[in-house]
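Chemist: Mind looking over this structure? Questions follow.
The values are calculated or read from the model by the stated rules, or taken from the named source; none is laboratory data. Treat the numbers as computed from the prediction; the structure is a model and nothing was measured. Because the Cβ atoms are built from the backbone with ideal geometry, glycine has one as well, and the counts that use them run over all protein chains shown. SASA here: full protein model, heavy atoms, side chains in, ligands and nucleic acids out. Shrake-Rupley method; radii C 1.70, N 1.55, O 1.52, S 1.80 Å.
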Amino acid sequence: MAGQVYGGCYAVIDEQVRFYEENGFVQLPDVLNAEEVAALRRALDVAIEDRKRLQENWGPRGDEGYTKVFLQMVNVWERYAAFEEYVLSPRIGEIARRLTRSSHVRLWHDQALIKYPKDSKATAWHQDKVYWPMQENGALSCWMALDDVTVENGCMWFIPGSHKLGPLNPVDLGNAGDADLLQMLPLGGRESARPHIAEMKAGSCTFHNGLTFHYAGPNTTDHPRRAMVTIFMPAGTHYMPLEHIVGDRGHLREGEEFHGPLFPVVSRRDDQ
Ligand code: SIN
Ligand code: NI
């Protein structure tokens, strides 16, 4: 089926780019069709089984707190052709390129995030950028829903404009406790923060800037909540040493621009 899925382009209009710049996130409906979503769900089932069978950890080290937040499997694009096809597809990368007004974007890493039901914990309010080994602040995530997502099963929430606060202190995602982090943000408390709750259908997605505060509630339903995240870096993103879940696999020097096959260019402007 190579080349038959994730073809074509998703037309992002200028208003959506401006919305992203102003708010630090944007929600886009129907980016994948039902067949494409089904292909990713099948690939995810295989990955989850393989991981169990091989007893391998493709995410952070086992931490009871963290595993109740979600199962995280990183860089699945390198293990499975079905994920590679999706993650490197110009349809998704081109949206990231347009939103960042960049000449090209590179992949930082992907991750499947499965929030299991029942004994489920919220993903605490946080900014992604503070965990990333990058000097600049432009990188962004595409959070693709592989199930219909609602407040009940742990959809994403965003604080509009919070990317303008700049980087704040990192949060221990597995053990953030019940503290209402929203109250601690210099945003005038929960009232004025007015989160956007990104309920959406499978195949729809959000893009959020690495500095935008986001959250996902616990999954209180009977079914897993599956999402596929791809993280992109605009041109001119430079390495800054920082311990990270994917490790220092690029062996870049401090201040060096990200490059090479581990961080492939996913979309490039035609005239480049
Ligand atoms: C989640 O899917 O629960 C959180 C995703 C994120 O932090 O980017
Ligand atoms: Ni995050």
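Chemist: Could you look through region 142-176, keep only residues that are of a type in the set (Val, Ile, Thr) and assigned to a loop (DSSP other than H, G, I, E, B), and pick out the one that is modelled with the lowest pLDDT?
Modeler: Ranking the qualifying residues of region 142-176, first place goes to 171.
Chemist: (1) within 15 Å of ligand 1 (Cβ to nearest atom); (2) open to solvent by 50 Å² or more (accessible area, probe 1.4 Å): which one isn't true of residue 70, the others all being true?
Modeler: So residue 70 meets the others, but not (2).
Chemist: Here is a follow-up. Pairs under 6 Å by beta carbon, first residue touching a residue at least 40 places away in the same chain (Cβ under 8 Å) in region 253-272, partner hydrophobic (A, V, I, L, M, F, W, C), six or more apart or different chains?
Modeler: Filtered contacts from region 253-272: 258/233; 263/107; 264/107; 266/88; 266/105; 266/107; 267/105.
Chemist: Within region 112-135, how many residues are small (Gly, Ala, Ser), open to solvent by 10 Å² or more (accessible area, probe 1.4 Å) and modelled with pLDDT of 95 or more?
Modeler: 0
Chemist: Restricting attention to region 153-171, and to residues there that are open to solvent by 10 Å² or more (accessible area, probe 1.4 Å) and either free of Cβ contacts under 8 Å to residues at least 40 places away in the same chain or in contact with a Gly (Cβ under 6 Å, 6 or more places away or on another chain) (or both), which single residue is farthest from ligand 2 (Cβ to nearest atom)?
Modeler: Applying the filter and picking the extreme gives 169.
Chemist: May I pose another question? Within region 113-150, how many residues turn out to be closer than 19 Å to residue 68 by Cβ and away from ligand 2 (no atom under 13 Å from the Cβ)?
Modeler: Residues meeting the conditions: 9.
Chemist: Could you list, ordered by first residue, the pairs with Cβ atoms under 9 Å in which the first is in region 214-229 and touching a residue at least 24 places away in the same chain (Cβ under 8 Å) and aromatic (Phe, Trp, Tyr) and the second is within 15 Å of ligand 2 (Cβ to nearest atom) and part of a loop (DSSP other than H, G, I, E, B), at least 6 apart or interchain?
Modeler: From residues that are touching a residue at least 24 places away in the same chain (Cβ under 8 Å) and aromatic (Phe, Trp, Tyr), the pairs are 215/122; 215/159; 215/195.
Chemist: Looking for something open to solvent by 50 Å² or more (accessible area, probe 1.4 Å) and either touching a Cys at 6+ places or on another chain (Cβ under 8 Å) or more than 14 Å from ligand 1 (Cβ to nearest atom) (or both) - is there at least one such residue anywhere in region 226-234?
Modeler: Within region 226-234 (the criterion being open to solvent by 50 Å² or more (accessible area, probe 1.4 Å) and either touching a Cys at 6+ places or on another chain (Cβ under 8 Å) or more than 14 Å from ligand 1 (Cβ to nearest atom) (or both)), the answer is no, since none of the residues qualifies.
Chemist: Please work out if residue 103 is away from ligand 2 (no atom under 14 Å from the Cβ) and farther than 25 Å from residue 22 by Cα. Don't jump to the end; show me each part of the working.
Modeler: On the way: away from ligand 2 (no atom under 14 Å from the Cβ): yes; farther than 25 Å from residue 22 by Cα: no.
The answer is no for residue 103.
Chemist: While we're on this one: So which residues in region 1-46 are among the small types (Gly, Ala, Ser), assigned to a loop (DSSP other than H, G, I, E, B) and open to solvent by 50 Å² or more (accessible area, probe 1.4 Å), if there are any at all?
Modeler: Within region 1-46, 2, 3, 8, 11 meet the criteria.
Chemist: A further question on this structure: Scan (1) buried (at least 20 other Cβ atoms within 10 Å of the Cβ); (2) more than 30 Å from residue 220 (Cα to Cα); (3) not acidic (Asp, Glu) for the single condition residue 103 breaks and write down its number.
Modeler: Condition (1) is where residue 103 drops out.
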